[in-house]
Amino acid sequence: MLEAIGAESFEELIAPVPEQLRLSGLLDLGPPRSEYEIARTLEAWAARNHHGGAYRAFLGAGSYDHFVPAAVDHLSFRSEFYTAYTPYQAEVGQGTLTTIFEFQSMMSELTGMDLANASLYDGATALAEAALLAAAAGPRSRIAVAGPMHPHYVQVLTTLCRGQGIEVVCDPAADGLVDRGWLRDVLGDCAAVAAQSPNFHGLVEDLSGVFAEARDRGARAIHVFEPHALALYRTPGEMGADLAVGEGLSLGSPPSFGGPALGLFAARQEFVRQVPGRLIGETVDRNGARAFVMTLRTREQDIRRERATSNICTNQGLLALRATIYLSLMGPKGMRDVAEQCLERAHYAAERLGALPGFRLRHRAPFFHEFVLECPRPAREIVSGCRAAGVIPGIPLERFGAGHQATLLHVCVTEKHLRDDIEALVQAVGEAARG
Amino acid sequence: MAENLIFERSHPGTRGTLLSALDVPARGLEALVPQDLARQAPLGLPEVSEPVVVRHFTNLSYLNHHVDKDFYPLGSCTMKYNPKVNDRMAALPGFSLLHPMTPVEGVQGALALIVHLERALAEITGLPAVSLQPAAGAQGELTAMLVARAYHADRGEDRDEVLIPDSAHGTNPASVRMAGMKAVEIKSNARGRLDPEVVQNALGPRTAAMMITNPNTVGVFEPNIEKVAAAAHEAGALMYLDGANMNALVGLARPGAMGFDMMHLNLHKTFSTPHGGGGPGAGPIAVREDLRPYLPVPAVVEENGVYRLDDDRPQSIGRMHGFFGNFGVLVRALTYILSLGAPGLREVSRNAILNANYLLSRLRESYDLKYPGPCMHEFVLSATRQKKQGVRAADISKRLLDFGFHAPTTYFPLIVEEALMIEPTESETRGTLDRFAEAMITIAREAAEDPEQVKSAPHTTPVIRPDEARAARRLRLRWTPEDEDR
């Protein structure tokens, strides 16, 4: 090679790198290792984790474990999708472009919104992008978070807003549903109101009134939704949201310790030129055949640089593909079945757990597939008391910050929890409470 | 294009999957979902069987170019081969089925992996404090810019300008703006490099940081990097490295030693995790020790072999991701680092540089090179000669598709006219490089002798030159049932 290049030595090629900057020896990273050796190491680490395949886990709060049909893995692992990149050359990227167009169509359909983008990093960053979009119109520089919102979403929102001098205000007493009185007081100088339903406590709320009031007072309405819930409940579009965001990981992808995730972003038509991230549009090719391309590219960072609507460069393509395959397999009936089963199973579990001595449900409002349980002792003790039975009964709310009562346990039930799982849960929690 | 949309294959009543029967007492939707909360519109998803779904997506997949098929010399994107063992490791149930809010004693293996990867990246970059939370390179840039702001604010300094060369990736200025700061453009010199004097003059009391890509986007190492870093530090600014081009440096030189205080890494580039059709990637950042307190929360801390999550970091910029970033990508990257070990990683940059220089030597005669001399892991050709023959860089890119290759990055960097940015990576054999070189030489000859052949390319792809102007003018971002009737 060197001869063909016309260089005496490799060092000649890297001559511009000052010698004192070059590593003289090897990095301290050990020798090359065989696949088998690596598998031994990583399998040992993986085996230390209490995962959903080995435990009966009733964990939700932003990451939901739904069944993934085999065809999703089979198709999404195809090299053609898996080892391609951003379809910069539309002629050899129609596979990816078409699936993203289908993804956008499905997201629009699911949310009842006019349009959806090709996805963002995760639900929390999607919320932050929606807030920044709303605030970019100026001059208002506050974002109101109404009702119980996932604390991590609020934290990411706060981090990304602070950079641009935008203040996030939350209802400090949020417990249950949106407090309209609190909202009325702060709304005056807010660029947007964000509300979650089903919310962090699992409760479902009709946000139409909240959103109408927001718009009357000159603020944008942002709905943080849960995709499976939309098979049963009023959509962001039906409730009058301007922007709708959510976490789409549960649509055909495993929890994977929280990522890679799938940020869902949908909007009303009037915001199309402010949308962050990639948009795929339909067109025709030179011969008049239908084709798909990346469109409205002048919003994006590689063209518009510091005037771009966001700095995002990729989407979560593979996760969007998985969601598209998943939703194709489920169809309207399957999505509704999953949602109904989540609903029924969660209510059955809630009823049984709430009937245990000393336990009660924290809230009375309608809920979807998660709820907050008040325990007769600290929730973390209930969780450790269940471990020997192979049950993880939920998340102690205090893990989300010191502001939460120690006795509150956040429980999630999906279609994957069959009756014997729920019976095991009830028994383990009951025994853990007795100590 | 022959493949219909999945919506167009829908038959009412068909379904692709079946659920277990409900085995708990049913209370019924009427009881559980009050009417005013219920979805009003029908859910217009396609109704198709599993075989239809499998054929549809399989047929769509045939329309993609991808690394497992052939050469993908997309400059700045490092389209190297993705070893399959990476995916097997990420799919281990202990990782893939792990819920992020599992009690901390039940995630010790995941946290161990995070800490091991943090340490490996610290060793590779020479910057000791690492956060794996950023989900992509652009998010790493933003995270670091927020760290820079917090750092200066803590020192009572009001700095809101970031110097960025005109050759930089578009994400750089966009990330700076998202962090609430201003991008100040620095002109490259006639050799496509930073001019220390120009940098010196731009630095001032408002400069928070300088963002540099090194090797830069022209594919050359900044020879004055130490001088530039010293000047930036003298002015009180932080030096940031856009690590997109780390494939040229891994195992060869450490950014920490060059005077960089902070950087991001693209795990989907340098560390071989699959690009997935445009994500997921991962964009960890590595910073100087005294910047550690500003990194995102939660941090993973090890005490006597036990790992815990630490949220109590008052100086932290806060949380950047709903959970811990793109964990599945982290598993793949650590697998890659373990596979190669130190000697293998050094071979990565060596072979990437050798491959790029070899390809450059084969193309030097047929195309112009704005900035001559050896390159690092990539190089930028200029189709100025072909432009005079009526053939643009974009035409050459399209013609390459007929030869079964992906095109280079086209019209970037902005400082090179008719740019074709080529990054072969270390994965390619000399045989592949030769085939690609022959194609490029053939196209150059066609441009001179039969320019129409190039200008009307591609000739063999599933679709040909889709009308982008029409897509933007007659915006159609979704399928609707009315489309059936068209």
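Computed from the coordinates by the stated procedures, all read-outs in this text should not be read as laboratory data. Computed from a predicted model, the values in this text were never measured in an experiment. FYI the Cβ positions are ideal-geometry reconstructions off the backbone, even for glycines, and counts take in every protein chain you see.
Some points to look at:
- Phi-based couplings in Hz for the range A:123-137 (Karplus 6.51, -1.76, 1.60; Gly and Pro marked x): x, 5, 6, 5, 4, 4, 5, 5, 5, 5, 4, 5, 6, 5, 5
- Part-to-part distance (alpha-carbon centres) for the range B:101-126 and the range B:156-171, which is given in Å: 31 Å
- Taking the helices alone, chain B has a mean residue ellipticity at 222 nm of -11000 deg cm²/dmol, built from -39,500 (n - 2.57) per DSSP H run of at least 4 residues and averaged over all its residues.
- Per-residue Cβ neighbour rank within 10 angstrom, fewest leading, B:TYR411, B:TYR358: B:TYR411, B:TYR358
- Think of each Lys and Arg Cβ as +1 and each Asp and Glu Cβ as -1; about the Cα centre, that makes the dipole of the range B:342-469 roughly 240 debye.
- Inter-part distance where the range B:366-433 and the range B:32-63 are each reduced to a Cα centre, Å: 42 Å
- Rg/Rh (Cα only; Kirkwood hydrodynamic radius) as it applies to chain B: 1.01
- Column: log10 I(q)/I(0), Debye, Cα scatterers of the range B:342-469, q = 0.17, 0.18, 0.19, 0.21 Å⁻¹: -0.87, -0.96, -1.05, -1.24
- Here the contact order of chain B, divided by its residue count and restricted to Cα pairs under 8 Å and six or more residues apart, works out to 18 percent.
- Candidates A:HIS417, A:ALA346, A:LEU318 compared by Cα position along the dipole of the range A:280-435: farthest toward the positive end lies A:LEU318, with charges placed on Cβ.
- 10 Å Cβ neighbours from other chains, averaged over peptide A:296-302: 4
- A cut-off of 5 Å between modelled amide H atoms, ignoring neighbours fewer than 5 places along the same chain, links B:ALA38 with A:ARG234.
- Dipole size of the range B:85-339 about its Cα centre, with +1 on Lys/Arg Cβ and -1 on Asp/Glu Cβ: approximately 500 debye, rounded to the nearest 20.
- Rounded to 5, the percent of DSSP beta bridges in chain B classed as antiparallel: 55 percent
- Chain A: most fluctuating residue of A:VAL338, A:VAL92, A:VAL72 per GNM, C-alpha cutoff 10 Å: A:VAL92
- The value of relative contact order for chain A, using C-alpha pairs under 8 Å at least six residues apart, is 19 percent.
- Proximity of backbone amide H atoms, modeled 1.01 Å from N, is registered between B:LEU74 and B:MET79, B:GLU423 at under 5 Å, excluding neighbours fewer than 5 places apart on the same chain.
- Between the residues B:TYR62, B:GLY156, B:GLY75, the greatest Cα displacement towards the positive end of the dipole of the range B:15-161, with unit charges on the Cβ of Lys, Arg, Asp and Glu, is found for B:TYR62.
- Sequentially through the range A:263-271, phi angles give Karplus couplings (6.51, -1.76, 1.60; θ = phi - 60°) of x, 9, 9, 10, 8, 6, 4, 5, 9 Hz, Gly and Pro residues having no value and appearing as x.
- Cα pair distances of the protein assembly as shown binned at 20 Å [whole percent]: 15, 49, 31, 5, 0
- Charge dipole (the range A:70-325, unit charges on Cβ, about Cα centre) - positive-most of A:VAL204, A:ALA244, A:VAL284: A:VAL284
- Remark: mean inter-chain Cβ contacts per residue of A:61-69 equal 3, using a 10 Å Cβ-Cβ cutoff to other protein chain atoms.
- The range B:233-305 and the range A:260-277: distance between their alpha carbon centers, rounded to Å: 28 Å
- Protection proxy ranking, peptides A:119-127, A:341-349, average beta carbon neighbours within 10 Å, highest first: A:119-127, A:341-349
- Partner shielding of B:185-194 amounts to 0, given as the average count of beta-carbon atoms from other chains within 10 Å of each residue beta-carbon.
- Long-range amide H partners of B:THR213 with built H, under 5 Å: B:ASP242
- The share of Cα pairs per 20 Å bin across chain A, counted from zero up to the longest distance, runs 23, 50, 23, 4, 0 percent.
- Sequence-separation-based contact order of the range B:85-339, relative, with Cα cut under 8 Å and 6+ spacing, percent: 29 percent
- Among beta bridges that DSSP assigns inside the protein assembly as shown, antiparallel share in %, nearest 5: 55 percent
- Here is the P(r) of the range A:1-150: all C-alpha pair distances, binned every 5 Å from 0, give 1, 5, 6, 9, 11, 11, 11, 13, 11, 9, 7, 4, 1, 0 in whole percents.
- Rounded to the nearest whole angstrom, the semi-axes of the ellipsoid equivalent to the range A:70-325, taken from the Cα gyration tensor as √(5λ), stand at 31, 20, 16, largest first.
- Comparing A:PHE257, A:PHE292, A:PHE359 in a Gaussian network model of chain A where C-alpha atoms under 10 Å apart are linked, the largest mean-square fluctuation is found at A:PHE257.
- Charged-residue dipole, Cβ positions (Lys, Arg, Asp, Glu), chain B about Cα centre, Debye nearest 20: 620 debye
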